[in-house]
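Student: This is the structure I have questions about; it appears just below.
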Amino acid sequence: MENRKKPFNKTAITNKLETSFIGRPFYFHSNIDSTNTAAYALAVKGAKQGTAVVADSQAKGKGRLGRIWESPKGVNIYTSIILRPDISPVTAPHLTLMSAVGVAETISRYSVKKPEVKWPNDILINSKKVCGILTEMNSDKNKINFIILGIGVNLNMTKEMFPDELKPIATSIKEETGKDISRIDFLNTLYLNIEKWYEAFLKNGFAPVCEAWKTYFNMAGKAVKIKDMDREIEGIALTIDDDGHLLVREKSGKTVKIVSGDVVMKQLP
Ligand code: BT5
């Protein structure tokens with residue numbers, strides 16, 4: 001309980017910050033529409049790499065494809081980080097997998113149950129979603145101007161706080177461990193891990209990120225259905241390839257490469 005009483009504001013967060021560039025500068029809002037929207041506006045104005053936005057609550061937290069991210073106050077982490085990597089826009093999805101590794105590593109410190117990554121952008125505990133990542137990019141043809149890495153993690157949210165439709169499919173670290181988690185400690189650890197993985201990615205490329213990501217991947221061998229624009233693919237999830245694309249074996253035996261899309265896990269008959 002004690003953690004909940006600790007202030008969660010700019011001073012409390014920045015006093016604890018041990019990073020070299022993520023969260024420097026740092027913007028805090030007690031309520032905002034979306035930290036991604038706020039970070040995007042800052043980046044358009046030229047904010048530097050590492051600039052981070054945190055909100056205690058979001059009125060219009062964004063998921064992918066116009067979906068909503070439930071963002072009640074006082075319990076969770078909602079943050080967006082501006083990155084300016086000198087990489088080709090086609091490899092930008094690597095940053096989603098890179099941040100998933102940073103988040104999974106951070107959650108591992110707080111939860112005895114190993115977090116799992118669900119391709120491409122979810123982190124699960126006990127097969128329930130505990131974190132979502134929304135990566136937005138502003139680029140020219142061959143150059144990334146900036147990336148907004150948006151991360152929402154359910155820390156102290158209780159089951160009653162989830163809308164009914166999310167109760168069976170979402171969870172929080174507190175629900176899984178019974179413990180209150182300090183948002184300030186978690187955020188500092190998260191930023192340190194993302195910074196570490198981002199620097200490793202820029203220096204050594206995607207391969208080490210890909211290997212680390214696979215250690216959290218437990219969809220292999222499971223029946224999945226993928227919706228991508230107007231096509232639907234059903235099959236068995238295999239692994240991700242060296243580019244971070246999901247490989248799925250269809251009934252016909254053909255292996256299909258999925259570059260983007262929504263994955264639904266299916267019950268095997
Ligand atoms: C995501 O989208 O999972 C990306 C979520 C990113 C949220 C962060 S919070 C900080 C930053 N600022 C923002 O505005 N956004 C980012 P998607 O894969 O489309 O999943 C959305 C779906 O997850 C919803 O349709 C619900 O089914 C479910 N969902 C919504 N809120 C949730 C929550 N708090 N916990 C678990 N699942 C949730």
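The values are calculated or read from the model by the stated rules, or taken from the named source; none is laboratory data. It should be emphasised that the depicted structure is a prediction, and the values quoted were computed from it without experimental measurement. Positions of Cβ are generated from backbone atoms using ideal geometry, with glycine treated the same way; all protein chains shown enter the neighbour counts. Heavy atoms of the whole protein, side chains included, go into the accessibility calculation; ligands, DNA and RNA do not. Shrake-Rupley method; radii C 1.70, N 1.55, O 1.52, S 1.80 Å.
Student: For segment 22-156, how many pairs of lysine residues have a Cα-Cα distance under 14 Å, where the two are 8 or more positions apart or belong to different chains? Write down the numbers at each step before the final one.
Tutor: Details: K60/K73; K113/K128; K113/K129; K114/K128; K114/K129; K118/K128; K118/K129.
Close lysine pairs under the 14 Å cut-off: 7.
Student: Something else about it: Where only protein heavy atoms count, and the probe is 1.4 Å, what is the accessible area per residue for the chain in Å²?
Tutor: Here the residues of the chain average 48 Å² of exposed surface.
Student: Please sort by residue number the GluC sites (Glu not before Pro) in segment 204-269 whose DSSP state is loop and whose Cβ has at most 16 other Cβ atoms within 10 Å.
Tutor: Values: sites: E211, E232, E234, E250; in loops: E250.
Within segment 204-269, the qualifying GluC sites (Glu not before Pro) (loop, at most 16 other Cβ atoms within 10 Å) are E250.
Student: So what's the chain giving for Cα Rg divided by 2.2 N^0.38 Å, two decimals? Write out the running numbers ahead of the final one.
Tutor: Values: Rg = 18.0 Å, N = 269, 2.2 N^0.38 = 18.4 Å.
Dividing the Cα Rg of the chain by 2.2 N^0.38 Å gives 0.98.
Student: Under the Kirkwood approximation applied to all pairs of distinct alpha-carbon atoms, what is the hydrodynamic radius of segment 223-265 in Å?
Tutor: Values: mean 1/r = 0.0981 Å⁻¹.
Roughly 10.2 Å, rounded to one decimal.
Student: Express the carbon and sulfur contribution to the solvent-accessible surface of segment 223-265 as a percent, rounded to the nearest whole number, probe 1.4 angstrom.
Tutor: 49
Student: Sticking with this structure for a sec: So how strong a dipole does segment 185-251 carry about its Cα centre when Lys and Arg Cβ are +1 and Asp and Glu Cβ are -1, to the nearest 20 debye?
Tutor: Working: 9 positive and 12 negative charges, 49 e Å.
Computed about the Cα centre, the dipole is about 240 debye.
Student: Based on the alpha-carbon gyration tensor of segment 165-269 and its eigenvalue square roots a ≥ b ≥ c, which shape applies: rounded if a/c is under 1.5, prolate if not and a/b is larger than b/c, or oblate?
Tutor: Oblate, since a/c reaches 1.5 and b/c is not below a/b.
Student: Sticking with the crude label model, points 7 Å out along Cα→Cβ, report the distance from D164 to K214 in nm, one decimal please.
Tutor: Distance between the two pseudo-spin positions: 4.4 nm.
Student: From the mean inverse distance of alpha carbon pairs (Kirkwood) and the Cα radius of gyration, derive Rg over Rh for segment 1-148.
Tutor: Values: Rg = 15.5 Å, Rh = 16.3 Å.
In segment 1-148, Rg relative to Rh is 0.95.
Student: Name the residue from F8, L134, F28 whose Cα lies farthest towards the positive end of the charge dipole of segment 1-142, charges +1 on Cβ of Lys and Arg and -1 on Cβ of Asp and Glu.
Tutor: With unit charges placed on the Cβ atoms, the residue in question is F8.
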